[in-house]
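Enquirer: Sharing a structure, written as structure tokens. Questions coming.
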Amino acid sequence: MKRMAAAMAAGIVLAGTASASASASAAAAAPQNRKVCQSTTLFISHTLCVDFQNQLFDADVVRMEVRASTSTGMGHWELFGPRGTIKNSLDGEWKDRTHDWSGYQDGAHGDLWCAVFWRNTGAGYIKGTQPLCVRAGGI
């Protein structure tokens, strides 16, 4: 009887381990987005992160985010890709703030996904930063 109880207990543990193992491998097999980031400290310290959809070889973009860690002055961020502007932020002072976009943009290997800050001079906008870009590495 003791052996049977021990065997049943071992069977439950083994079944639990197998099921945890199966769910862990299923989670590992589920596609996850790939995030690539670039940073610069020229004029304004900022970081651009681009989330590429799913697999290693997919160059489609599902999210872009730019974060300024130093003061920008008044103006707005433009996020853009190979086919032009994706989203502009509202005008304002940017320091320790994030501008982001989520959606879907079709991409290809070698495409550039960029952010640039446009400073508001009161008489118009001038580039406050050079474009900071992430290159798509998909196929």
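The values are calculated or read from the model by the stated rules, or taken from the named source; none is laboratory data. This structure is a prediction, so every number in the text was calculated from the model and none was measured. A quick note on method: Cβ atoms are made from the backbone with ideal geometry, for glycine too, and the neighbour counts reach across all protein chains shown.
Enquirer: So is VAL62 β-branched (Val, Ile, Thr), surrounded by fewer than 20 Cβ atoms within 10 Å (Cβ to Cβ) and touching a residue at least 12 places away in the same chain (Cβ under 8 Å) or not?
Expert: yes
Enquirer: Please work out which residue is surrounded by the fewest Cβ atoms within 10 Å (Cβ to Cβ), limiting yourself to the stretch 73-97 and to residues that are closer than 20 Å to VAL36 by Cα and aliphatic (A, V, I, L, M).
Expert: ILE86
Enquirer: Output the residue which, of all residues in the stretch 122-139 that are surrounded by 12 or more Cβ atoms within 10 Å (Cβ to Cβ) and small (Gly, Ala, Ser), is modelled with the lowest pLDDT.
Expert: Checking each candidate, the answer is GLY138.
Enquirer: State which residue pairs qualify: first residue over 27 Å from VAL61 (Cβ atoms) and inside the stretch 120-139, second residue exposed (fewer than 12 other Cβ atoms within 10 Å of the Cβ) in any location, beta carbons under 6 Å apart, and separation of 6 or more residues or different chains.
Expert: Close Cβ pairs (under 6 Å, with a partner that is exposed (fewer than 12 other Cβ atoms within 10 Å of the Cβ)) do not exist here.
Enquirer: Restricting to the stretch 98-121, count the residues that are among the polar types (S, T, N, Q), closer than 22 Å to ARG67 by Cβ and either in contact with a Gly (Cβ under 8 Å, 6 or more places away or on another chain) or surrounded by 12 or more Cβ atoms within 10 Å (Cβ to Cβ) (or both).
Expert: Let us first name the residues in the stretch 98-121 that are among the polar types (S, T, N, Q), namely 98, 102, 105, 120-121.
Within this subset, residues satisfying the condition of being closer than 22 Å to ARG67 by Cβ are 98, 102, 105, 120.
Add one more test, that the residue is either in contact with a Gly (Cβ under 8 Å, 6 or more places away or on another chain) or surrounded by 12 or more Cβ atoms within 10 Å (Cβ to Cβ) (or both), and what stays is 98, 105, 120.
Going through the stretch 98-121 one residue at a time, the tally reaches 3.
Enquirer: On to the next question. Taking only the stretch 96-132 into account, find how many residues are assigned to a strand (DSSP E or B) and closer than 14 Å to ARG83 by Cα. Quick ask: steps written out before the conclusion?
Expert: Narrowing the stretch 96-132 to residues assigned to a strand (DSSP E or B): 97-105, 112-120, 125-127, 132.
Still in the list and also closer than 14 Å to ARG83 by Cα: 104-105, 112-115.
The number of residues fulfilling the criteria is 6.
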